[in-house]
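Pasting a structure below so you can have a look.
The values are calculated or read from the model by the stated rules, or taken from the named source; none is laboratory data. Here the structure is a predicted model, which is why all the values come from computation and not from measurement. Cβ sites come from the backbone with ideal geometry, for glycine too, and all protein chains shown count toward neighbours.
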Amino acid sequence: MLHVDLDQFIAAVEVLRRPELVGKPVIVGGRGDPTERAVVSTASYEAREFGVGSGMPLRIAARRAPDAIILPVDHEAYNEASAEVMATLRAQPGAVVQVLGWDEAFVGVQTDDPEAYAHALQRAVLERTRLHCSVGIGDTLVRAKVATGFGKPQGVFRLTAENWLRVMGARPTVDLWGVGSKISRRLAAIGISTVAQLAAADPDADGLVAEFGPRMGPWFAQLGRGDGARVVDDAPWVARGHSRETTYQHDLTGASQIDEAIRELTAQVLADVAAEGRPVVGLALKVRYAPFITKTFTKKVPETFDRAEVLARVMELVERIEPDRPVRLLGLRAEMRMPEEARDGHTPTRSGW
C-alpha cells in the first residue's frame, strides 16, 4: 500500500497561482496580515529554512522571515486542487483510495513493483495538477505513512517489517504517526524514549497499560512495531463531530463578551451538525487565555437535536472559564452519534481537536 502526501500543498497551490513567487519564502495564514492574531497554515520550504512552521503565530513567522510573502488562507482554492489530486489517484490502475485530508491519502494496489507504481503515480499527479507529491510504501498503513517522511520532497521510500527497526528503532517516539509531544513525554516518564524501546515493551509489565489504559497501552506498543491495518478502506468518511474556533483580535475581557462569542460559535457548530442529521452526544469547549494558555473542558450530554438544550449544556461549560482572565481564543466542538454502520466498524472516521 502507498501513502501519498502533497509537498508543501497550500504553499504550492499559491505559487501555481502566482508564478513570480517561485523560489521565494511564502507563508500562508489567517488573512495574510501579521499584525493580526493568526497562525501559520503552511510555509514553503524556503520559509521553513528561517524556522517558520505550521501553527506558529503569524507575527513571529514574519519576524523570523522578514522578506517572506504572507498570503491569506483560501479554502476554496485548496478544496479544488485537492479534488483534482484525489481524482488523479482514483484514476490510477487498480487503485483504492482512502482520503485523509486535503493533501494526503492512502492508495491500495496490487503490484509486483510498488516503486515503479509510485513513480508513475507521481508523474500522473504532476501532469494533471502541476503539484509534486512524496510517496511512502509499506506493508501496513502505519509503515506507509511514516515512510513518506523519508521520501520528502518528491521522493519515494519503503518501510516494511524487514527494515522498520533498522530505520526507526533509534528514533524518538515522537517521530511515530499518532504520537505527539505530550504522549512522547508520558512515554519517556515510564522509561520509553525510542521506537525500539516502545516496540519491545510489554504493555502490562512496562507500564503502558497503567499509564494509558487497557486499550491505548497495547495500541502504542503495536505502533512502535509499525503494525496495524493492512487494508485501504475507501468507504466514505463519517465525521464524529463538528468544531469551530475563533481567535479574537482583541481579548475578551467580560462575561457579556464571552457570552456573545459563545452563542455565535454555538450557532455555527449547530448549523454544521444539522446538515448531518445526527444528534449531539458530547461537547468540548476550548479556551485560550492570554498570553497563550489553553484549556479544554468536555461534557457528555444525552442525545439531543434540541438547539436550546445544547446551548444550555455549552453554558454549563462556560461556567468553568476562569473569571477576570482575558480570553484570546474560543472553540466549540459537538460530538454526534455515529451511524450504525460506522459503529459496526464499516465506515472510517476521523476525530477533530
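In segment 95-112, which residue that is outside any loop (DSSP other than H, G, I, E, B) and among the β-branched types (Val, Ile, Thr) is farthest from Asp139 (Cα to Cα)?
Val99
If you check Ala229 against the conditions, is it hydrophobic (A, V, I, L, M, F, W, C), part of a helix (DSSP H, G or I) and either touching a helix residue (DSSP H, G or I) at 6+ places or on another chain (Cβ under 6 Å) or within 25 Å of Asp113 (Cα to Cα) (or both)? Quick ask: steps written out before the conclusion?
On the way: hydrophobic (A, V, I, L, M, F, W, C): yes; part of a helix (DSSP H, G or I): no; either touching a helix residue (DSSP H, G or I) at 6+ places or on another chain (Cβ under 6 Å) or within 25 Å of Asp113 (Cα to Cα) (or both): yes.
Considered against the rule, which asks whether it is hydrophobic (A, V, I, L, M, F, W, C), part of a helix (DSSP H, G or I) and either touching a helix residue (DSSP H, G or I) at 6+ places or on another chain (Cβ under 6 Å) or within 25 Å of Asp113 (Cα to Cα) (or both), Ala229 comes out as no.
Of these, Val318, Val301, Val314, which one is touching a helix residue (DSSP H, G or I) at 6+ places or on another chain (Cβ under 7 Å), more than 23 Å from Arg31 (Cβ to Cβ) and without any contact (Cβ under 8 Å) to a residue 24 or more places away in the chain? I'd like the intermediate steps shown before the answer.
Values: Val318 fails: without any contact (Cβ under 8 Å) to a residue 24 or more places away in the chain; Val314 fails: without any contact (Cβ under 8 Å) to a residue 24 or more places away in the chain.
None of the others qualify; the one that does is Val301.
OK, next. Given the conditions (1) surrounded by fewer than 18 Cβ atoms within 10 Å (Cβ to Cβ); (2) over 22 Å from the mean Cα position of the chain (by Cα); (3) touching a residue at least 12 places away in the same chain (Cβ under 8 Å), which single one is not true for Ala95?
(1)
Can I ask one more? Take the residues of segment 187-228 that are among the aromatic types (Phe, Trp, Tyr) and touching a residue at least 24 places away in the same chain (Cβ under 8 Å): which is nearest to Pro172 (Cα to Cα)?
Our first condition is that a residue be among the aromatic types (Phe, Trp, Tyr); within segment 187-228, this holds for 212, 219-220.
This time we only want the ones that are touching a residue at least 24 places away in the same chain (Cβ under 8 Å), so: 212, 220.
Numbers: Phe212: 18, Phe220: 13 Å.
Checked segment 187-228; the qualifying residue nearest to Pro172 (Cα to Cα) is Phe220.
Right, next: Which residues, counting only those in segment 110-149, are surrounded by 18 or more Cβ atoms within 10 Å (Cβ to Cβ) and aliphatic (A, V, I, L, M)?
Within segment 110-149, Ala118, Leu121, Val125, Leu131, Val135, Ile137, Leu141, Val142, Ala144, Val146, Ala147 meet the criteria.
Let me ask you something else. When you go through Ala267, Ala261, Ala290, Ala271 one by one, which is the residue that is buried (at least 16 other Cβ atoms within 10 Å of the Cβ), farther than 25 Å from Leu159 by Cβ and in the same structural domain as Pro326 (by TED's automatic domain parsing)?
Numbers: Ala267 fails: buried (at least 16 other Cβ atoms within 10 Å of the Cβ); Ala290 fails: buried (at least 16 other Cβ atoms within 10 Å of the Cβ); Ala271 fails: buried (at least 16 other Cβ atoms within 10 Å of the Cβ).
Going through Ala267, Ala261, Ala290, Ala271 in turn, just one is buried (at least 16 other Cβ atoms within 10 Å of the Cβ), farther than 25 Å from Leu159 by Cβ and in the same structural domain as Pro326 (by TED's automatic domain parsing): Ala261.
Can you spot a residue in segment 284-295 that is within 23 Å of Pro339 (Cα to Cα) and over 22 Å from the mean Cα position of the chain (by Cα)?
No: segment 284-295 contains no residue that is within 23 Å of Pro339 (Cα to Cα) and over 22 Å from the mean Cα position of the chain (by Cα).
Let me ask something else. For segment 131-144, check the following and say yes or no: at least one residue is part of a loop (DSSP other than H, G, I, E, B) and in contact with a strand residue (DSSP E or B) (Cβ under 6 Å, 6 or more places away or on another chain). Outline the logic, then answer.
Pass one, segment 131-144, residues part of a loop (DSSP other than H, G, I, E, B): 131-132, 139-140.
Next, only the ones that are in contact with a strand residue (DSSP E or B) (Cβ under 6 Å, 6 or more places away or on another chain) stay: 131.
Yes - at least one qualifying residue is present in segment 131-144.
Test of understanding: among Glu162, Glu127, which residue is out of contact with any Asp or Glu (no Cβ under 8 Å at 6 or more places or on another chain), more than 24 Å from Ala221 (Cβ to Cβ) and among the charged types (D, E, K, R)?
Values: Glu162 fails: more than 24 Å from Ala221 (Cβ to Cβ).
Result: Glu127 is the single residue among Glu162, Glu127 that is out of contact with any Asp or Glu (no Cβ under 8 Å at 6 or more places or on another chain), more than 24 Å from Ala221 (Cβ to Cβ) and among the charged types (D, E, K, R).
In this structure, is Met1 farther than 30 Å from Leu329 by Cα, within 18 Å of the chain's Cα centre (by Cα) and assigned by TED's automatic domain parsing to the domain that holds Leu141? Outline the logic, then answer.
Working: farther than 30 Å from Leu329 by Cα: yes; within 18 Å of the chain's Cα centre (by Cα): no; assigned by TED's automatic domain parsing to the domain that holds Leu141: yes.
For Met1, the condition - farther than 30 Å from Leu329 by Cα, within 18 Å of the chain's Cα centre (by Cα) and assigned by TED's automatic domain parsing to the domain that holds Leu141 - is not met.
Spot the failing condition for Arg158; the list is (1) assigned to a loop (DSSP other than H, G, I, E, B); (2) charged (D, E, K, R); (3) closer than 26 Å to Tyr117 by Cβ, and only one is missed.
Every condition holds for Arg158 apart from (1).
From the list Val209, Val231, which one is buried (at least 16 other Cβ atoms within 10 Å of the Cβ) and not assigned by TED's automatic domain parsing to the domain that holds Ala284?
Values: Val231 fails: buried (at least 16 other Cβ atoms within 10 Å of the Cβ).
It is Val209.
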